[in-house]
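A short write-up of the structure that comes next.
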Amino acid sequence: MNNVKALSMKKSSTVFLQAVIVLIGIVALAIMIRFPLTEGRAANLDLFRIYADPFIIYGYLASIAFFVALYQAFTLLGYIRQNKVFSLESVKSLRNIKYCAIVLSCLIAAAALYIRVSFNGNADDDPAGFIAVSIVATFISIVIATAAAVFERTLHSAVEMKSENDLTV
């Protein structure tokens, strides 16, 4: 009886976490669509010029890594719900999350460097806020990449031990 209750609780927890991941993706997409319209430079521009801005396009391209990582986390939770935690698919999902976090941290750092260099002599614009947010976002991405790497290594070792035990039985 307790085993059934624990299994039901695990399934409801993973479904809840998957719903949170979907909600994060929807909110991020809504922010990406709405934010360029509220930016100060966009006041006198038409829709095409707002979304054709190279920096906005760069942000959209960089966000691909974020959404791929969200999808991989969603998939990993699906494996957990199906009791496939100790599988190569789970290890692959963690590896993809790690790579996405590394790519995202590099792209955010590159954007911060670009903003810092391009606004160096302009007294009207102060890039300090953007650079501070970029530093925090880069740090978060590095922490996620490190955690995913540790979990990947641990899970890979567990999968190898499980496969060795399955061969001996």
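Kindly establish whether Thr154 is modelled with pLDDT of 95 or more and either surrounded by fewer than 14 Cβ atoms within 10 Å (Cβ to Cβ) or aromatic (Phe, Trp, Tyr) (or both).
Against the criterion (modelled with pLDDT of 95 or more and either surrounded by fewer than 14 Cβ atoms within 10 Å (Cβ to Cβ) or aromatic (Phe, Trp, Tyr) (or both)), Thr154 does not qualify.
What pairs come out if I take residues in region 140-169 that are aromatic (Phe, Trp, Tyr) and pair them with residues that are part of a helix (DSSP H, G or I) whose C-beta lies under 8 Å away, six or more apart or interchain?
Within 8 Å, the pairs are Phe151/Leu94.
Given the structure, is Ile135 part of a helix (DSSP H, G or I), under 14 Å from the mean Cα position of the chain (by Cα), β-branched (Val, Ile, Thr) and under 20 Å from Ile64 (Cα atoms)?
no
Only residues in region 47-67 that are farther than 20 Å from Lys98 by Cα count as the first member; pair them with residues that are small (Gly, Ala, Ser) and surrounded by fewer than 15 Cβ atoms within 10 Å (Cβ to Cβ), Cβ under 9 angstrom, at least 6 apart or cross-chain, and list the lot.
Note: pairs meeting the criteria are Tyr58/Ala110.
Take the conditions closer than 17 Å to Thr138 by Cα, modelled with pLDDT of 85 or more and either hydroxyl-bearing (Ser, Thr, Tyr) or touching a Gly at 6+ places or on another chain (Cβ under 6 Å) (or both) and apply them to Ser63. Does it pass?
Answer is yes for this residue.
Could you pull out the residue among Asp126, Asp166 that is assigned to a helix (DSSP H, G or I) and among the charged types (D, E, K, R)?
Result: Asp166 is the single residue among Asp126, Asp166 that is assigned to a helix (DSSP H, G or I) and among the charged types (D, E, K, R).
Go over the candidates Val103, Val91, Val117 one by one and state the one that is part of a helix (DSSP H, G or I), farther than 19 Å from Ala28 by Cβ, touching a residue at least 24 places away in the same chain (Cβ under 8 Å) and among the hydrophobic types (A, V, I, L, M, F, W, C). Before the answer, list the steps.
Values: Val103 fails: farther than 19 Å from Ala28 by Cβ; Val117 fails: touching a residue at least 24 places away in the same chain (Cβ under 8 Å).
Within the list Val103, Val91, Val117, the selection yields Val91.
Within region 95-103, does at least one residue satisfy the condition of being under 15 Å from Phe66 (Cβ atoms) and of a type in the set (Phe, Trp, Tyr)? First the steps, then the outcome.
The first filter runs over region 95-103 and keeps only residues under 15 Å from Phe66 (Cβ atoms), leaving 96-103.
This time we only want the ones that are of a type in the set (Phe, Trp, Tyr), so: 99.
There is at least one residue in region 95-103 that is under 15 Å from Phe66 (Cβ atoms) and of a type in the set (Phe, Trp, Tyr).
The values are calculated or read from the model by the stated rules, or taken from the named source; none is laboratory data. This structure is a prediction, so every number in the text was calculated from the model and none was measured. Because the Cβ atoms are built from the backbone with ideal geometry, glycine has one as well, and the counts that use them run over all protein chains shown.
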